[in-house]
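Step one of this worksheet: look at the structure below.
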Amino acid sequence: LIGLYRPLVSGALRVRWLVLVLAVVAIAATVPLYGKLGSEFMPPLNEGTILYMPTALPGISVTEATNLLQRQDQLLKQFPEVDHVFGKIGRAQTPTDPSHFSMAETVVTLKPEDQWRPGMTWDRLIADMDARLKFPGMPNIWWMPIQTRTEMLATGIRSNLGIKILGPDLSEIERIGVSMERLLQNVRGTRSAYAERVTGGYYLDFRINRQAVARYGLRVQDVEEVIESAIGGKTVSQTVEGRERYSINVRYLRALRDDPESLRRVLVETPRGAKIPMAQLAQITLMTGPPSIRDEQGSLAGIVFVDVAGRDLAGYVAEAQRVILGQVPLKPGYRLEWGGQFQYLERAKARLQIVVPLTIFLIFVLLYLNFRSVSRSLIVLLSVPFGVVGAIVFLNVLQYHLSVAVWVGIIALAGVAAETGVIMIIFLDEACDRWEREGRLRSLADLREAIIEGAVQRVRPKVMTASAILIGLLPIMWSHGAGADVMKRVAAPMIGGMVTSTLLTLLVIPSLYALWRGRRVTMEELARKTMVQERAASETPT
């Protein structure tokens, strides 16, 4: 190490201004690369399972929904990477399951990654599944089961991006949503887009004829009780079987109530015992209306679910906003809110704008408490931007987007880079102070030799520090399984940053240190020359 490093640091000290200019150029060249990095909240947390959620238009029949679900399960099971598939469609009898009948939820459990086909990745597998499972009128959404449940409970959005349309009228909300759904199909990165049909539910409407009801001596309540009990079903009692309790529900057989004509023949008994068909007491019509009514911030709401893939979320939203704002006019009283992962991304950006500068300031404070010198602290602090240079280059090579995980790695890199800079400054100070005590630090040439001694003789601990970090983090880049993608984003900036930070520590800091301490040596040298000249002048006979 000493044999390799001595000529390098010696040459750098001879052209120290050139070294500093090249260092500044390297930092400036990184700015365009940083602009190419996209932004996302967090990388996908591969859970070993995939949640497939196609959504049909409201009004799909039970038979058709069952056939579609079975066909989808069969196609998914044909992939060699799939272990087993379990699909569900409809709503369970529990308030914890808010899904409507037209939304399917299929959990695809995958085999371990070492059993996959060669070259197969998560993104490629999902892309292949999405290409094979194309059903008309059923846009696909692919995500992870645990993450999806968390998002649905927190925001009500079941895709990584959701656009909330808020306003006073459901019909106008649906019109805006359908227009946005059509436009988003042409935005790069859209795997699917689906606007809620907030007025697309189907209902049987019983309009009771009050005059006809009164003519037969009935009350409106009598007719409504028949509709409730005979058609809808009414709980009349409860059976107790040990610790279990079951409700007893009474209504007509399905054959007597499965179409409007059968419902018109339902009989209503009068007080005199006569039985009057429902058709003579009420008008039965098929109507459309909201399948459910969503309320957000005191306004009616509809959501456009967007599944974004192959692109950073922030860049996608920026383009989508330009397209929508230019082609979808909003009437007064209507507004859009971009939610889902983008909402978390905006919050994270706001916090990072505080956390990152605060981190750098705290590093400077700790450096100052150690050195009691602003100049030394600033020299060490230069390790941070040089570490970021390598981090950004490595992130571009791996095609990673900026995320909370990446920023965690960058913040950790800042501390480690400052640590290696501290080691170099301490060794340079020790060498220069020793030369000064021995009276050998009398010129810039002496200063250069002292710096070379301090830098070269302590090259092993500096390289060891960087090597230990690199060797410890590199295995993460080959890891697989749940959480591996997040850990790779944390480790990548530290791996790339330690390379450039080590170069800075070994070459740039000695050059900058020579310029800073060289001013002091030059002043002392001038002072000695002046003193010698004055003494010589005083000793010369007049």
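The values are calculated or read from the model by the stated rules, or taken from the named source; none is laboratory data. These numbers were taken from a predicted model, which means no experiment stands behind them. Positions of Cβ are generated from backbone atoms using ideal geometry, with glycine treated the same way; all protein chains shown enter the neighbour counts. We work out accessible area using only protein heavy atoms, side chains counted, and drop any ligands, DNA or RNA first. Shrake-Rupley method; radii C 1.70, N 1.55, O 1.52, S 1.80 Å.
Scanning segment 127-139 for residues that are within 24 Å of V328 (Cα to Cα) and either part of a helix (DSSP H, G or I) or at pLDDT 85 or above (or both) yields M138, P139.
Residue-level check: of (1) open to solvent by 50 Å² or more (accessible area, probe 1.4 Å); (2) closer than 20 Å to V187 by Cβ, K349 misses just (2). For segment 176-195, indicate whether the set of residues that are open to solvent by 40 Å² or more (accessible area, probe 1.4 Å), modelled with pLDDT of 90 or more, outside any strand (DSSP E or B) and under 19 Å from M103 (Cβ atoms) is non-empty. Yes; the residues of segment 176-195 include at least one that is open to solvent by 40 Å² or more (accessible area, probe 1.4 Å), modelled with pLDDT of 90 or more, outside any strand (DSSP E or B) and under 19 Å from M103 (Cβ atoms).
If the condition is being open to solvent by less than 50 Å² (accessible area, probe 1.4 Å) and over 22 Å from R14 (Cα atoms), then segment 413-460 contributes L413, A414, G415, V416, A417, A418, T420, V422, I423, G439. When R294, R311 are checked against the criterion of being of a type in the set (K, R), surrounded by 14 or more Cβ atoms within 10 Å (Cβ to Cβ), farther than 30 Å from L382 by Cα and in contact with a strand residue (DSSP E or B) (Cβ under 8 Å, 6 or more places away or on another chain), a single residue qualifies: R294. Scan segment 442-461 for residues that are among the hydrophobic types (A, V, I, L, M, F, W, C) and either closer than 12 Å to L428 by Cβ or under 49 Å from the mean Cα position of the chain (by Cα) (or both) and jot them down. Across segment 442-461, the qualifying residues are L447, A450, I451, I452, A455, V456, V459. Selection of segment 80-104 for residues being open to solvent by 10 Å² or more (accessible area, probe 1.4 Å) and either under 20 Å from M144 (Cβ atoms) or at pLDDT 90 or above (or both) yields P80, D83, H84, V85, F86, G87, K88, I89, T96, D97, P98. So the check is Cβ under 7 Å with 6+ separation or different chains; which pairs have a first residue in segment 113-130 that's over 19 Å from A484 (Cβ atoms) and in contact (Cβ under 8 Å) with a residue 40 or more places away in the chain and a second one that's part of a helix (DSSP H, G or I) and among the hydrophobic types (A, V, I, L, M, F, W, C)? Pairs that qualify, where the first residue is over 19 Å from A484 (Cβ atoms) and in contact (Cβ under 8 Å) with a residue 40 or more places away in the chain and the partner is part of a helix (DSSP H, G or I) and among the hydrophobic types (A, V, I, L, M, F, W, C), are M129/L76. In segment 417-444, the residues that are of a type in the set (F, W, Y) form Cβ pairs under 7 Å with partners that are open to solvent by 20 Å² or more (accessible area, probe 1.4 Å), at six or more places apart or across chains, as follows: F427/R458; W435/D446. For segment 58-79, a tally of residues being open to solvent by 60 Å² or more (accessible area, probe 1.4 Å) and of a type in the set (A, V, I, L, M, F, W, C) returns 1.
For segment 133-150, which residues satisfy the criterion of being open to solvent by 10 Å² or more (accessible area, probe 1.4 Å) and farther than 17 Å from L110 by Cα? Selection gives K134, F135, P136, G137, M138, P139, R149, T150. So for segment 340-352 (the condition being of a type outside the set (V, I, T), within 30 Å of W143 (Cα to Cα), modelled with pLDDT under 90 and part of a strand (DSSP E or B)), does at least one residue qualify? Checked against the condition, which is being of a type outside the set (V, I, T), within 30 Å of W143 (Cα to Cα), modelled with pLDDT under 90 and part of a strand (DSSP E or B), segment 340-352 yields at least one hit. Restricting segment 10-57 to residues that are closer than 30 Å to F86 by Cα and outside any loop (DSSP other than H, G, I, E, B) leaves a set whose member that is most open to solvent (accessible area, probe 1.4 Å) is T49.
In segment 262-294, what residues are charged (D, E, K, R) and touching an Asp or Glu at 6+ places or on another chain (Cβ under 7 Å)? K275 - this is the single residue of segment 262-294 that is charged (D, E, K, R) and touching an Asp or Glu at 6+ places or on another chain (Cβ under 7 Å). Can we say K88 is touching an Asp or Glu at 6+ places or on another chain (Cβ under 7 Å) and among the charged types (D, E, K, R)? Taking the combined requirement at face value, the residue satisfies it.
Where helices (runs of 4 or more DSSP H) fall entirely within segment 207-286, those with at least 2 residues that are open to solvent by less than 100 Å² (accessible area, probe 1.4 Å), farther than 27 Å from S61 by Cα and touching a residue at least 40 places away in the same chain (Cβ under 8 Å) are at 210-215, 220-226.
Within segment 370-383, how many residues turn out to be surrounded by fewer than 23 Cβ atoms within 10 Å (Cβ to Cβ) and either under 24 Å from M487 (Cα atoms) or modelled with pLDDT of 90 or more (or both)? Adding up the residues that qualify gives 0. Here R197 fulfils each of the conditions (1) closer than 18 Å to A56 by Cα; (2) within 26 Å of the chain's Cα centre (by Cα); (3) among the charged types (D, E, K, R) apart from (2). For R91, the conditions (1) in contact (Cβ under 8 Å) with a residue 12 or more places away in the chain; (2) part of a loop (DSSP other than H, G, I, E, B) all hold with the exception of (1).
Looking across segment 161-175, just one residue is in a helix (DSSP H, G or I) and buried (at least 21 other Cβ atoms within 10 Å of the Cβ), and that is I173.
Mind checking whether some residue in segment 153-160 is out of contact with any Phe, Trp or Tyr (no Cβ under 6 Å at 6 or more places or on another chain), over 18 Å from V323 (Cα atoms), buried (at least 17 other Cβ atoms within 10 Å of the Cβ) and at pLDDT 90 or above? No, that holds for no residue.
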